[in-house]
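*Asks:* Would you mind keeping the following structure in view while I ask a few things?
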There are 2 protein chains.
Amino acid sequence: MSDINEIWEMPVPWLSGQGIHSDVALAGRMRLARNLENYPFPHHASEDKLEEIVTRIQDVITSQTVLPEATFIPLQRLSLSERQMLLERRLISPEFAQRSSHGAVVLDRQCRISLMVNEEDHIRLQALDAGMNLDLLWEQVHRVDMDLGKVLDYAFSEEFGSLTSCPTNTGTGLRISILMYLPALALDEGNLEAIFHQANPAGLTVRGFYGEGSDVVGNIYQISNKLTLGWTEFRLLEDLLKIASQIVDKEQDARRKLMENRHIDVEDKIFRSLGLLERARKLSSREFIEQYANLMLGILIGLITEIEPQALHELILWVQPAHLQWQYGKDLSPVERDVYRAEMVRTKLGL
Amino acid sequence: MSDINEIWEMPVPWLSGQGIHSDVALAGRMRLARNLENYPFPHHASEDKLEEIVTRIQDVITSQTVLPEATFIPLQRLSLSERQMLLERRLISPEFAQRSSHGAVVLDRQCRISLMVNEEDHIRLQALDAGMNLDLLWEQVHRVDMDLGKVLDYAFSEEFGSLTSCPTNTGTGLRISILMYLPALALDEGNLEAIFHQANPAGLTVRGFYGEGSDVVGNIYQISNKLTLGWTEFRLLEDLLKIASQIVDKEQDARRKLMENRHIDVEDKIFRSLGLLERARKLSSREFIEQYANLMLGILIGLITEIEPQALHELILWVQPAHLQWQYGKDLSPVERDVYRAEMVRTKLGL
């Protein structure tokens, strides 16, 4: 990426609607937390030390020994709306988006792999892609991790494994998560609760679309491992895959049943969502995500044929504030955003 | 009317959308309560006495001395669904629709004037028409009342006037009511409350669409006189007209303001209602009436042009159970009715 303005044009592969089990798994994410030896964790480091870390990572990236063709962007080069945009694309964290110095973002050319410098840890490396091809994601982060480990001294303990700022990340430093849309299972709340109840003792945690502390909206659930310490990466991966596959099966089964026994309540809900998106003159992000879920269900069980699922997926991004404002080329008040959002949805869905 | 089956084909003039101030006043109704001398009120009369009264009225009608060309229908000739249909057309009362004997209905050819025999009083005579042409309605009921009075002995007291079963009707026996749709005023609830507060001491009462004890749905309000005793018919008429005209002015003014300052919230509400009616796969009567109000507002302030107000008016009738079942030619469970109702609305509005 030669110019910072080009970041708006970067691909967003995790919204492609492609990949393994992409009819249930929106996207998979694999994240590693790493720190450099002989440096305090970011929250305790001086500004000089933080800059030193930024420079060390910058040297590695610009030398093209790790992640060739990746772009290194110091935080101070990013405007608030650019940081907000990276957040909306799930390439940086909410806390990181608030900051404007002593950090950096690294993005590979395809935007599948990204790295935050001086977030909670010195290095937060992630691979993010559509579907739930967790093996491939693991290969990607692992390769970059290995390459980085060759040129940087990681903080590592024989006893605990990777040392991290927050103890919940210590050990493997690995967090795996899958965004799943479960509109059919969500119709029977008891069913869904039973599944999640089962996921919990297995060391997995279920959250809303926007991660930690967020509500579930639009029947999009984020399933991730709770523990990082005491297990190998492969065991974590295996456990998550097992539960995720069960959920995929159950959701697919619930959809099949819906297709066989067309239920008027479900049909009504789906078509009302379509009517709402066709006609509303203002629309909050949250309301969009709720209708999105109903429409996706409608597409998946064959009731809605006039909407491209891909267009619906991409709207997840375009309805969000930074993307919306960029699209219309101006700052918008929250009320104006609701108005432009309703218009954007109609336009992008061809309604 | 030669055949009872033809009652389904009778006109429904009060839904024509015509008449004075028909942009605010859906319909006006003028009702007189009368009783025959030397007969107990219906609730205290024996079956023989009730039948005697029915026969006396039948003789008057079939002799064509009063209401020539009117049809006399004994209750026992009407099925439950036919009585339900007459109720939905506001030609008989809910209590009367429950009964199947010892009473009768008289309908004039245009269905503007109707008469219940042995409802709460021996005679309940009403004129019902679109708009609020109360003078004309008064002339109509008054003429029939005079004609009936010539051939029947009314129970009358020099002191109290007409004697009625319930004292709230004694005196003039006159109840005047106007169905008004006030969607613009209803947007500012405080405004509407102030108006109704003013109406109350003037001896007027405000109710929902379905009369006594009914909620206001769809911003349709029924305004009527509370008192019948101690005032002349002209004074009652004058008082109601005065308040009604003020309400008409205020509603029209509120709509003008809405047209001048297009408010996104109002626009959003109107178009969401359109989207709902276009797409819903099941619809309760109540929900229809709510959307009806928003759509009427949209039509009245020029936002919705693709729907004929007349078609919307007529749906008030067709969405109701008896009319809906007649249209589809079969009995329908409540759930089925909701499904057929949604379909009927789309069809009749050409959505």
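The values are calculated or read from the model by the stated rules, or taken from the named source; none is laboratory data. What you see is a predicted model; the values in this text were computed from it and never measured. Counting neighbours? That spans all protein chains shown, and the Cβs are built from the backbone with ideal geometry, glycine included. Just the protein is used for accessible areas: all its heavy atoms, side chains included, with ligands, DNA and RNA removed. Shrake-Rupley method; radii C 1.70, N 1.55, O 1.52, S 1.80 Å.
*Asks:* Quick one: Karplus J couplings for segment A:226-241, per residue in order, coefficients 6.51, -1.76, 1.60, θ = phi - 60°, nearest Hz, x for Gly and Pro?
*Replies:* 8, 9, 10, 9, x, 10, 7, 4, 5, 5, 4, 4, 5, 4, 5, 4
*Asks:* Additional query: Angle check, please: helix B:189-199 long axis (alpha carbons) against the longest principal axis of chain B (alpha carbons), in degrees 0 to 90, nearest 10.
*Replies:* Its long axis makes an angle of about 20 degrees.
*Asks:* Right, something else. If you take the Cα Rg of segment B:5-255 and divide it by 2.2 N^0.38 Å, with N the number of residues, what do you get? List each step's numbers first, then the result.
*Replies:* Working: Rg = 18.1 Å, N = 251, 2.2 N^0.38 = 18.0 Å.
Relative to the 2.2 N^0.38 Å estimate, segment B:5-255 comes out at 1.01.
*Asks:* List the distances, in nm and shortest first, from the label point of residue A:168 to the matching label points in every other copy, placing each point 7 Å from Cα along the Cα-to-Cβ direction.
*Replies:* Inter-copy label distances (nm, one decimal, shortest first): 6.3.
*Asks:* Here is a follow-up. For segment A:5-255, what is the number of Lys pairs with C-alpha distance below 29 angstrom, counting only pairs 8 or more positions apart or on separate chains?
*Replies:* Total qualifying Lys-Lys pairs in segment A:5-255 comes to 5.
*Asks:* Want the number for residue A:77 to residue A:59: 0.36 nm per residue separation, take away the alpha-carbon distance, what's left?
*Replies:* 4.8 nm
*Asks:* Shifting gears a bit: Once a ≥ b ≥ c are taken as the square roots of the eigenvalues of the Cα gyration tensor of the protein assembly as shown, is the result rounded (a/c under 1.5), prolate (a/b larger than b/c) or oblate (a/b not larger than b/c)?
*Replies:* Numbers: a/c = 3.69, a/b = 2.82, b/c = 1.31.
Cα axes put the protein assembly as shown in the prolate bin.
*Asks:* While we're here: Under a Cβ-only charge scheme (Lys and Arg +1, Asp and Glu -1), can you give me the dipole magnitude of segment B:217-351 about the Cα centre, in debye to the nearest 20? Could the numbers behind the result be given before it?
*Replies:* Values: 19 positive and 20 negative charges, 45 e Å.
Rounded to the nearest 20 debye, it is 220 debye.
*Asks:* Now a separate question. Treating the point 7 Å from Cα along Cα-beta-carbon as the label, what are the nm separations from residue B:194 to the other copies, to one decimal?
*Replies:* 5.8
*Asks:* What are the distances, in nm and sorted shortest first, from the label point of residue A:59 to the label points of the same position in each other copy, with each label point placed 7 Å from Cα along the Cα-to-Cβ direction?
*Replies:* Between copies, matching label points for residue A:59 lie 12.0 nm apart.
*Asks:* A follow-up question, please. Which sequence of B:43, B:263 reflects their accessible areas, 1.4 Å probe, from the largest down?
*Replies:* On the way: B:43 135, B:263 90 Å².
Result of the area sort, largest leading: B:43, B:263.
*Asks:* Karplus couplings for segment A:286-291 from phi (6.51 cos²θ - 1.76 cosθ + 1.60, θ = phi - 60°), rounded to Hz, Gly and Pro as x?
*Replies:* Along segment A:286-291, the couplings run 4, 5, 4, 4, 5, 6 Hz.
*Asks:* Here's another thing I want to ask about it. When only the heavy atoms of the protein chains count and the probe is 1.4 Å, how do A:69, A:159, A:290 rank by accessible area, highest first?
*Replies:* On the way: A:69 105, A:159 150, A:290 80 Å².
Ranked from most to least accessible, the order is A:159, A:69, A:290.
*Asks:* At 1.4 Å probe size, with no ligands or nucleic acids counted, give the accessible surface of residue A:188 in Å², nearest ten.
*Replies:* About 80 Å², ignoring ligands and nucleic acids.
*Asks:* Find, among the residues of chain A, the one whose Cβ sits nearest the axis of the rotation taking A to B; state the distance in whole Å.
*Replies:* Per the A/B rotation axis, the closest residue of A reads A:275, 2.
*Asks:* Considering only protein heavy atoms, what is the solvent-accessible area of residue A:328 at a probe of 1.4 Å, reported in Å² to the nearest 10?
*Replies:* Here the accessible area works out near 60 Å².
*Asks:* At 7 Å along Cα-to-Cβ for each site, give me the label-to-label distance between residue B:100 and residue A:154 in nm.
*Replies:* Taking the simple label geometry, residue B:100 and residue A:154 are separated by 8.4 nm.
*Asks:* Report relative contact order for chain A in percent, whole number only (criteria: Cα-Cα under 8 Å, sequence separation at least 6).
*Replies:* Once divided by the residue count of chain A, the mean separation gives 19 percent.
*Asks:* For chain A, with the dipole built from +1 on Lys and Arg beta-carbon atoms and -1 on Asp and Glu ones, taken about the Cα centre, which of A:64, A:312, A:133 lies farthest toward the positive end?
*Replies:* Ranked along the dipole, the leading option is A:312.
*Asks:* OK, next. To the nearest 10 square angstrom, how much accessible area does residue B:234 have with a 1.4 angstrom probe?
*Replies:* Accessible area, nearest 10 Å²: 130 Å².
*Asks:* Let me ask another. When the solvent-accessible surface of protein heavy atoms is calculated with a 1.4 angstrom probe, in what order do A:122, A:197, A:21 fall, highest first?
*Replies:* Accessible-area ranking of A:122, A:197, A:21, largest first: A:197, A:21, A:122.
*Asks:* Filter the cross-link list A:282/B:269; A:257/B:330; A:282/A:330 down to pairs whose alpha-carbon distance in this structure exceeds 20 Å. All intermediate terms of the calculation are to be shown ahead of the outcome.
*Replies:* Details: A:282/B:269 9 Å; A:257/B:330 30 Å; A:282/A:330 18 Å.
Those over the limit are A:257/B:330.
*Asks:* Could you tell me which of rounded, prolate or oblate describes segment A:235-302, using a ≥ b ≥ c as the square roots of the eigenvalues of the alpha-carbon gyration tensor, with rounded for a/c under 1.5 and, failing that, prolate when a/b is larger than b/c and oblate otherwise? All intermediate terms of the calculation are to be shown ahead of the outcome.
*Replies:* Numbers: a/c = 4.51, a/b = 1.58, b/c = 2.85.
Oblate, because a/c is 1.5 or more while a/b does not exceed b/c.
*Asks:* Which shape class applies to segment B:208-351: rounded if a/c is under 1.5, otherwise prolate when a/b exceeds b/c and oblate if not, where a ≥ b ≥ c are the square roots of the Cα gyration tensor eigenvalues?
*Replies:* Working: a/c = 2.68, a/b = 1.30, b/c = 2.06.
It is oblate, given that a/c is not under 1.5 and a/b is not larger than b/c.
*Asks:* May I pose another question? For segment A:122-231, calculate the relative contact order in percent as a whole number, restricting contacts to Cα pairs under 8 Å that are 6 or more residues apart. Could the numbers behind the result be given before it?
*Replies:* On the way: 131 pairs, mean separation 28.0, N = 110.
Dividing the mean separation by the residue count of segment A:122-231 yields 25 percent.
*Asks:* Could you grab the relative contact order for segment A:1-107? Cα pairs under 8 Å, six or more apart, rounded to a whole percent.
*Replies:* Numbers: 73 pairs, mean separation 24.9, N = 107.
Answer for segment A:1-107 is 23 percent.
*Asks:* I've got another one for you. Quick check on segment A:72-204: what does the Kirkwood estimate of hydrodynamic radius come out to from the alpha carbon pairs, in Å?
*Replies:* Values: mean 1/r = 0.0589 Å⁻¹.
Hydrodynamic radius (Kirkwood, Cα pairs) of segment A:72-204 is 17.0 Å.
*Asks:* Considering chain A as a Gaussian network with a 10 Å cut-off on Cα pairs, which listed residue, A:18, A:140, A:64, attains the greatest mean-square fluctuation?
*Replies:* Maximum among the listed residues: A:64.
*Asks:* Can you tell me how much longer the chain between residue B:351 and residue B:139 gets when fully stretched, taken as 0.36 nm per residue apart minus their C-alpha distance, in nm with one decimal? Mind showing how you got there, number by number?
*Replies:* Details: separation 212, 0.36 × 212 = 76.32 nm, distance 4.10 nm.
Extra length available between residue B:351 and residue B:139 comes to 72.2 nm.
*Asks:* Could you size up the charge dipole of the protein assembly as shown around its Cα centre, putting +1 on the beta carbon of Lys and Arg and -1 on that of Asp and Glu, and report it in debye to the nearest 20? Write down the numbers at each step before the final one.
*Replies:* On the way: 72 positive and 102 negative charges, 78 e Å.
With only Lys, Arg, Asp and Glu charged at Cβ, the dipole is about 380 debye.
*Asks:* Name the residue farthest towards the positive end of the dipole of segment B:264-349 from the options B:328, B:277, B:347, assuming +1 on Cβ of Lys and Arg, -1 on Cβ of Asp and Glu, about the Cα centre.
*Replies:* Comparing the listed Cα positions along the dipole, B:328 ranks first.
*Asks:* About its Cα centre, what dipole magnitude does chain A give when the only charges are +1 on Lys and Arg Cβ and -1 on Asp and Glu Cβ, stated in debye to the nearest 20?
*Replies:* It comes to approximately 640 debye.
*Asks:* Tell me the angle of helix A:134-151 to the major Cα principal axis of chain A, expressed in degrees between 0 and 90 and rounded to the nearest ten.
*Replies:* Taking the Cα atoms of chain A, the angle to A:134-151 is about 20 degrees.
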